[in-house]
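The structure under discussion appears below in the form of structure tokens.
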Amino acid sequence: MRILGIDPGLARVGYGVIDFEERRGGVAGSQRMLDCGMIRTDPGQGEGQRMVEIANDLRQLIRAWKPQLAAVEKFFFYRSSNTIAVVQARGVVMMTLARFAIPVVEYPPMQIKLAVAGHGHAPKDEVLAAVMRELDLDTPPRPDDAADALAVALTGWFQR
């Protein structure tokens, strides 16, 4: 199964693509990272144009990797001047996935940390170490948004 993990945002959308192989009887087999990175939008553009950029880049990723499932981090509400814009960008992500009929699972940050690192209050470095261990990576995925997206994809696999 190929899972696209997404860490949504307006300025940066982290993504990670992982291939998972199951053994007979649904037993976990191996997993490998195929791609990870970040969709970056131009802060000089208006919000609408930035949303178009996210949709266009996400469409290219979907066409290139053909994921069978998308795992998306749920937005954790906090008081911030960009909260609405981030939620709107997340909506663009969800709409784009729906247009390709890709099933979506959503997880809040604490559930991702619990699934990947073993406890819901794990610091970023513990989550990163767990991602590297699970994917047998020698170097940390960069940028941080991509590493976060890989954690989301792993959670989608672990919680299936």
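Read-outs throughout are calculated quantities, based only on the coordinates presented, and are distinct from any laboratory measurement. Just so it is clear, the model here is predicted, and its values are computed rather than measured. Virtual Cβ from ideal backbone geometry, glycine too; neighbours counted across all protein chains shown.
Only the Cβ atoms of Lys and Arg (+1) and of Asp and Glu (-1) were treated as charged; on that basis the dipole of the chain about its Cα centre amounts to roughly 420 debye.
For the chain, the residue among PRO109, HIS119, TRP157 whose Cα projects farthest onto the positive side of the dipole built from Cβ charges is TRP157. Here each label is just a point 7 Å from Cα along the line to Cβ, and for LYS66 and GLN111 those points are 2.9 nm apart. Two tests apply to each whole DSSP H helix in the chain, Cα reach of 20 Å or more along its axis and mean Kyte-Doolittle hydropathy of at least -1.0, and the ones passing both are 47-65, 83-99, 144-158. Summed over all non-identical Cα pairs, the Kirkwood treatment of the chain gives a radius of 15.7 Å.
Bridge orientation summary for the chain: considering DSSP beta bridges with both residues in this region, about 65 percent are antiparallel. The calculated FRET efficiency for GLN49 paired with LYS74, based on their beta-carbon distance and R0 = 25 Å, is about 0.45.
Quick check on the chain: helices-only [θ] at 222 nm, where DSSP H runs of length 4 and up contribute -39,500 (n - 2.57) each and the sum goes over total residues. Nearest 500, please.
Calculated at 222 nm, the ellipticity per residue is -14500 deg cm²/dmol.
Within the chain, the longest segment free of exposed loop sites, counting chymotrypsin sites (Phe, Trp or Tyr not before Pro) that fall outside DSSP classes H, G, I, E and B and have at most 16 other Cβ atoms within 10 Å, spans 1-75. A straight Cα-to-Cα reach below 15 Å connects LYS113 with the aspartates and glutamates ASP7, GLU73, ASP125, GLU126, GLU134, ASP144, ASP145, ASP148, residues fewer than 8 places away in its own chain not being considered. Under 5 Å between amide H atoms, partner at least 5 residues away or on a different chain: which partners does ARG2 have, H built in plane at 1.01 Å? Placed amide hydrogens put PHE20, GLN68, LEU69 under 5 Å from ARG2. Taking 0.36 nm per residue of sequence separation and removing the Cα-Cα distance, the VAL104/THR139 pair yields an extension gain of 9.7 nm. How large is log10 I(q)/I(0) at q = 0.18, 0.19 Å⁻¹ when the Debye formula is applied to the Cα atoms of segment 6-53, each weighted equally and without solvent? Each listed q maps to, in turn, -0.64, -0.67.
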